[in-house]
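Asker: So that we are looking at the same thing, I have put the structure below in structure tokens.
Derivation of every value follows stated rules applied to the coordinates shown; laboratory data play no part. Owing to the predicted nature of the structure, the values given are computational and were not obtained by experimental measurement. Reconstructed Cβ throughout: ideal geometry from the backbone, glycine too, with neighbour counts over all protein chains shown.
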Amino acid sequence: MPATSTPTIQDMVQRAQALLPRLRERAAATEALGHLPPETVADFRDGGFFRVLQPRRFGGMELDYGRLQLELCSTLGQACGSAAWVQMVVACHAWCLAMFPDAAQQAVWGEDPETLVGTAFGFSTGRGRPVEGGYWLEGDWVFSSGSDLCQWIILGTLVEQPGPPNMVWSLLPRTDWEILDTWHSAGLKGTASNDIRVKGAFVPYEFTLDRPFGPRTEPTPGSRVNTNPMYALPLNGFFPFNVTTEALGIARGAVDAFAGQLAGRGDRPNLVGRQLRMAESAAEVDAAEALIRADVEVIDRILHDGVPVEPVFQAKLARDLSFMVNLCARAVDRLTTAVGAHGMADANVVHRASRDLHAIGNHGVNNWEHQALNYTRARTGLPPIEMF
């Protein structure tokens, strides 16, 4: 997308706001298709939405991690949860790839900087084993959102070796993997979060990232060439931003829809009860946003003022993001039992929002018990329990 200057976060929010009417119109069709309609994909590509976290040296925008997700997702999610999810998840994969060795980045973006990358971090039968010069991968990986749009994929790979297994990220081209039609879900129906199968593929060391999760204080291989501090951020605590802030937009869209539905029901005897429900739900969504905005202020100081990343803050960040999703789901669930019989249709915005929010809450990194436990462990001097 040619441009004379790099768009700002506010520029991207304005582009997102302009898309909201079209995304709302397509929301039901997106669910029915099970993936984003071609028109939405074209809107995201033309508007640069997939390139917001990509390094500038490849023509990306390199917008601030944390603040970008908060502002952009809380806008797009108001119209279509599936579209917001795919936009930010696919966009964040450029942030992930920018941490890989430069050879991997050149392979993906060297000839076509608009090439998109998918991920699948959950392995079922998928495994890797060491071979000369790299790893041999085969098996199945689960939940690869938006992979139908992508020409490369990053797989969270459990490497079987003598002693404890190792975890690496492995980058594979589209010729080495296939998409299985497995995503038939109650929520986020339009995200095409299907499984991935690798029948056997060699991945050279320069296309891998060693132990991306877990304690890390040193720079990433990619941050040697991508000097923005966000490409050296540790994934623990920070990674969940990509799969949580959609919830704020979805919840706000549900509150707005409920208000619209309520406006024409002034003669109902339980009107006051519905008004109270809406007020409490709106307050919870506002509280959820305020919680994350406070964390974003800290991230801004890390990125711009050189403030060190403290383990307790990482644990708090993951805790807050998980709690934010819980608050949003709680707020919308309160409204789903007040929309009336006519509001029970699948296409009702409030019910769709509830389904989408519970799907977000069921993502592994949003597991409240895990994040709450690790926060307490960090506060009491105990090491974290790794999820991956």
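Asker: Can you give the direction-averaged projected area of the convex hull of the alpha-carbon atoms in segment 302-348, in nm²?
Answerer: Averaging across all directions leaves 5.1 nm² for the Cα convex hull.
Asker: Next up: Work out how much length ARG57 to GLN151 would gain on full extension: take 0.36 nm times their residue separation and subtract the Cα-Cα distance, in nm to one decimal.
Answerer: 31.8 nm
Asker: Oh, and also: Fully extended, how many nm does the chain gain between ALA29 and GLN275 (0.36 nm per residue separation, minus their Cα-Cα distance)?
Answerer: Gain in length upon complete extension: 85.5 nm.
Asker: Taking amide H atoms as placed 1.01 Å from N in the peptide plane, list the residues 5 or more away in sequence, or in a different chain, whose amide H sits under 5 Å from that of PHE123.
Answerer: Counting only residues 5 or more places away or on other chains, the set is VAL142.
Asker: Report the FRET efficiency, 1/(1 + (r/R0)^6), for HIS304 and ALA341, where r is their Cβ-Cβ distance and R0 is 51 Å, rounded to 0.05.
Answerer: That gives a FRET efficiency of 0.45.
Asker: Still on this model: Grab the beta carbon distance between ASN166 and ASN362, set R0 = 22 Å, and tell me the FRET efficiency rounded to 0.05.
Answerer: Approximately 0.20, to the nearest 0.05.
Asker: Now a separate question. Please find, in a Gaussian network model of the chain (springs between Cα atoms separated by less than 10 Å), the residue of SER145, SER223, SER193 whose mean-square fluctuation is greatest.
Answerer: Answer for the Gaussian network model of the chain: SER223.
Asker: Against the longest alpha carbon principal axis of the chain, how many degrees, from 0 to 90 and to the nearest 10, is the axis of helix 271-305 turned?
Answerer: Between the helix axis and the principal axis of the chain, the angle is about 30 degrees.
Asker: Once R0 is set to 30 Å, what does the formula 1/(1 + (r/R0)^6) return for the Cβ-Cβ distance between ASP102 and PHE202, expressed as a FRET efficiency to the nearest 0.05?
Answerer: 0.90
Asker: So, one more: Output ³J(HN,Hα) for segment 104-121: one whole-Hz value per residue in order, computed from phi by the Karplus curve 6.51 cos²θ - 1.76 cosθ + 1.60 with θ = phi - 60°, and x for Gly and Pro.
Answerer: For segment 104-121, the Karplus-derived couplings read 5, 5, 5, 5, 7, 9, x, 9, 9, x, 8, 4, 9, 10, x, 9, 8, 9 Hz, x marking Gly and Pro.
Asker: Right, another one. May I ask for the percentage of alpha-carbon pairs in segment 9-114 that lie more than 23 Å from each other?
Answerer: Of all Cα-Cα pairs in segment 9-114, 28 percent lie more than 23 Å apart.
Asker: Given 0.36 nm per residue, what is the gain on full extension from ASP11 to ASP46 after removing their alpha carbon distance, in nm?
Answerer: 11.2 nm
Asker: Can you give the net charge of the other residues whose Cβ lies under 9 Å from the Cβ of LYS199, counting K and R as +1 and D and E as -1?
Answerer: Around LYS199, the surrounding residues sum to -2.
Asker: Quick one: which residues, 5 or more positions from ASP195 or on another chain, have an amide H under 5 Å from its amide H? H modelled 1.01 Å from N in the peptide plane, none for Pro or chain starts.
Answerer: Correct list: PHE143, SER144, LEU180, THR182, TRP183.
Asker: Please build a GNM for the chain, connecting alpha carbons under 10 Å apart, and tell me which residue among ASP320, ASP148, ASP305 fluctuates the most.
Answerer: Its mean-square fluctuation being the largest, the pick is ASP305.
Asker: Per-residue HN-Hα couplings for segment 316-330, Karplus 6.51 cos²θ - 1.76 cosθ + 1.60 at θ = phi - 60°, whole Hz, x for Gly and Pro?
Answerer: 5, 4, 4, 4, 5, 5, 5, 5, 4, 4, 4, 4, 5, 5, 4
Asker: Right, here's the next one. More than 26 angstrom separation, counting every C-alpha pair in the chain; what % is that?
Answerer: 52 percent
Asker: Still on this model: Applying the Karplus parametrisation 6.51 cos²θ - 1.76 cosθ + 1.60 with θ = phi - 60° to the phi angles of segment 244-249, what ³J(HN,Hα) value in whole Hz is obtained for each residue in order, glycine and proline being reported as x?
Answerer: 9, 5, 4, 4, 4, x
Asker: Mind listing the Cα extents of segment 187-277 along all three principal axes, in Å, largest one first?
Answerer: Largest to smallest, the principal-axis extents are 68, 36, 21 Å.
Asker: Considering the Cα positions of segment 235-379, please state its Rg to one decimal place and its Dmax as a whole number of Å.
Answerer: Over segment 235-379's Cα set, Rg and Dmax evaluate to 17.3, 58 Å.
Asker: Could I ask something else about it? Testing the spin-label approximation: label points 7 Å from Cα along Cα→Cβ at ALA283 and ARG211. State their distance in nm.
Answerer: Going from the ALA283 label point to the ARG211 one covers 4.7 nm.
Asker: Check which residues have an amide H placed less than 5 Å from GLY128's amide H, if you skip close sequence neighbours.
Answerer: Those lying under 5 Å, H to H, from GLY128 are LEU158, VAL159, GLU160.
Asker: Working from Cα positions, state the angle (0 to 90°, nearest 10) between the long axis of helix 67-76 and the longest principal axis of the chain.
Answerer: 50 degrees
Asker: Among THR227, THR244, THR191, which one shows the highest mean-square fluctuation when the chain is modelled as a Gaussian network with alpha-carbon springs under 10 Å?
Answerer: THR227
Asker: With no solvent and one equal point scatterer per Cα, compute the Debye intensity ratio I(q)/I(0) for segment 86-216 at 0.12, 0.21 Å⁻¹ and report its log10, rounded to two decimals.
Answerer: Log10 I(q)/I(0), no solvent term: -0.42, -1.28.
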